[in-house]
Structure formats: C-alpha cells, structure tokens
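Reviewing the structure listed below.
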C-alpha cells in the first residue's frame, strides 16, 4: 500500500486503487484524518473490493513528501510509549499498531500505550 501511494504521487496521479483489507482501510482513514490524503473510499464487494484513495497535492507537490515502512515482516519493531519520538520535530507522524487499533505517535503518547511502529509519514 505504501509503495503504491509513493509511486502514484511520483507520477502525479489523482487516485490510486489498493486491494481492500480492514488494516489498510484503517491506515487510509488515519492518513485522511491527518490531512495526507484527500479521500478514502471502499468500493465493490467480495474478492474485488478495493480502496480508492484520492491523493492530495499542495501547489502541485504531493502532501506526502515521504512515507517509509519501519516494521517489516522479517524484522518487527516494537516500542513502549516512553520510547516514542516525534517525527521531524512534530511535522511528520508515525503510525503505531496498538491493542486499541492504529494511532499516531501523538495519540499513543496521550494514551500512554506502545505497540508496533508500522510506518513514518512526512
């Protein structure tokens, strides 16, 4: 999902289609809430269900300057709430998978909860 967003913004596409999963849709909702994408919709049903993301551009530049996967299938990265750090002095965000669902690093600090760092966005 992250690579599809990165590649679509690199070539200036308006939308990107991603195969549906609940995890990806929750991540898309988090990106939408924090202003990194313009719209996220689930389209279709069954096997053909997709997530359609409308990408956001500011002055013809992508709203997402960089999106980087942190925890990978071969090396999971977990962090306690006391070790969560700001991304680019607060200008970016990291997405953390917690027992309460996906949340940003700021929300995880507020709730004093740690988890697996999924990605960083700025």
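Rule-based calculations on the coordinates, nothing more; no lab input. Since the structure is predicted, the reported quantities are computational estimates derived from the model, not experimental observations. Because the Cβ atoms are built from the backbone with ideal geometry, glycine has one as well, and the counts that use them run over all protein chains shown.
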Given the C-alpha centroids of the stretch 87-115 and the stretch 50-82, what is the distance between them in whole angstrom? 13 Å
Put in order of increasing Cβ neighbours within 10 Å, starting from the fewest, 51, 64, 77 give 77, 64, 51
Going by C-beta contacts inside 10 Å, put 32, 27, 55 in order with the fewest on the left. 32, 55, 27
Counting other beta carbons within 10 Å of each residue's own, what order do 84, 113, 47 fall into, fewest first? 47, 113, 84
State whether the stretch 1-63 is rounded, prolate or oblate according to the following rule on the C-alpha gyration tensor (a ≥ b ≥ c being the square roots of its eigenvalues): a/c under 1.5 gives rounded; otherwise a/b larger than b/c gives prolate, and the remaining case gives oblate. prolate
Picking from 108, 63, 22, which is most flexible by a Gaussian network model of the chain using Cα springs under 10 Å? 22
Normalised alpha carbon radius of gyration of the stretch 66-122 [divisor 2.2 N^0.38 Å]: 1.01
Convex hull over the alpha-carbon atoms of the chain: what's its volume per residue in Å³? 111 Å³
For the chain, modelled as a GNM with alpha-carbon contacts under 10 angstrom, which of 81, 36, 91 fluctuates the most? 91
Once the Cα atoms of helix 22-33 and of the chain are each reduced to a long axis, what angle between those two axes, in degrees from 0 to 90 to the nearest 10, is obtained? 90 degrees
